[in-house]
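Have a look at the structure below, then the notes.
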Amino acid sequence: MDMLPAARRALVALATLMLAAACQPGPPDASAPARQPAAKSVAPAVSAPPPTVKPAPPAAIALPSMELPPGPIYVCDVAGVRTPIEYVENVESLCRRHPEMSVCQYERRACRSRGGRVYTANGEEVTPAIEAEYDRKVQRVTFQSDGAPAKKK
């Protein structure tokens, strides 16, 4: 029976050695470059921090002036033929104040889908870049038929 505690001690010692060996770092990777000891510098080098380069802000897009004469706000130009984009009176007053609203954009998109270009009554073009600027001004959420938000435009 003396043999059992000695075997148990040997087994515990072996397990301890294996655990200690497993915790040791492995040999250095042969593909990694060898680390060179740092050379002592004779005089401390004082260098200025690298200049920080700030990215240029995106160019501001000039939005068309909405101080328009009475009458149609926009015209749709398809192959040189200009057709006024007409809104109901209450929608027209909304679009004069807030041209970024969806109901205003709907008719402009319809014009572009026919291959046309949209101009204000003052003759300024409302480009897709201006539409994108309008979209940045407002948050748009569309809903699926079950009422859940579908996507953010």
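The values are calculated or read from the model by the stated rules, or taken from the named source; none is laboratory data. For clarity, every value in this text was computed on a predicted model and none was experimentally measured. All Cβ positions, even for glycine, are placed from backbone atoms using ideal geometry, and neighbour counts span all protein chains on display.
When only residues in the range 126-153 that are under 20 Å from Glu67 (Cβ atoms) and of a type outside the set (D, E, K, R) count, which is modelled with the lowest pLDDT?
Here the residue is Tyr134.
Which members of the range 102-124 meet the condition of being part of a strand (DSSP E or B) and under 14 Å from Met66 (Cβ atoms)?
Residues of the range 102-124 part of a strand (DSSP E or B): 117-120.
Scanning the range 102-124 gives Val118, Tyr119, Thr120.
Looking at the range 118-133, which of the residues that are in contact with a Leu (Cβ under 8 Å, 6 or more places away or on another chain) and of a type outside the set (Gly, Ala, Ser) is surrounded by the fewest Cβ atoms within 10 Å (Cβ to Cβ)?
Within the range 118-133, the first condition is being in contact with a Leu (Cβ under 8 Å, 6 or more places away or on another chain), and the residues that meet it are 120-122, 130, 133.
Right, trim to of a type outside the set (Gly, Ala, Ser) and you get 120, 122, 130, 133.
Numbers: Thr120: 18, Asn122: 12, Ile130: 19, Glu133: 15.
Filtering first and then ranking leaves Asn122.
Gly123 is checked against (1) of a type outside the set (S, T, N, Q); (2) on the phi < 0 side of the Ramachandran plot; (3) at pLDDT 85 or above and fails just one. What number does that condition carry?
In the conditions (1) of a type outside the set (S, T, N, Q); (2) on the phi < 0 side of the Ramachandran plot; (3) at pLDDT 85 or above, Gly123 misses (2) alone.
Would it be correct to say that Ala7 is modelled with pLDDT under 80, in a helix (DSSP H, G or I) and not aromatic (Phe, Trp, Tyr)? So that I can check it myself, show each step before the final result.
Working: modelled with pLDDT under 80: yes; in a helix (DSSP H, G or I): yes; not aromatic (Phe, Trp, Tyr): yes.
For Ala7, the condition - modelled with pLDDT under 80, in a helix (DSSP H, G or I) and not aromatic (Phe, Trp, Tyr) - is met.
In the range 62-101, what residues are touching a helix residue (DSSP H, G or I) at 6+ places or on another chain (Cβ under 9 Å), in a strand (DSSP E or B) and surrounded by fewer than 14 Cβ atoms within 10 Å (Cβ to Cβ)?
Listed by number, the list holds a single entry, Val78.
Read through the list (1) over 27 Å from the mean Cα position of the chain (by Cα); (2) exposed (fewer than 13 other Cβ atoms within 10 Å of the Cβ); (3) free of Cβ contacts under 8 Å to residues at least 24 places away in the same chain, then give the number of the only condition that Gly115 fails.
(3)
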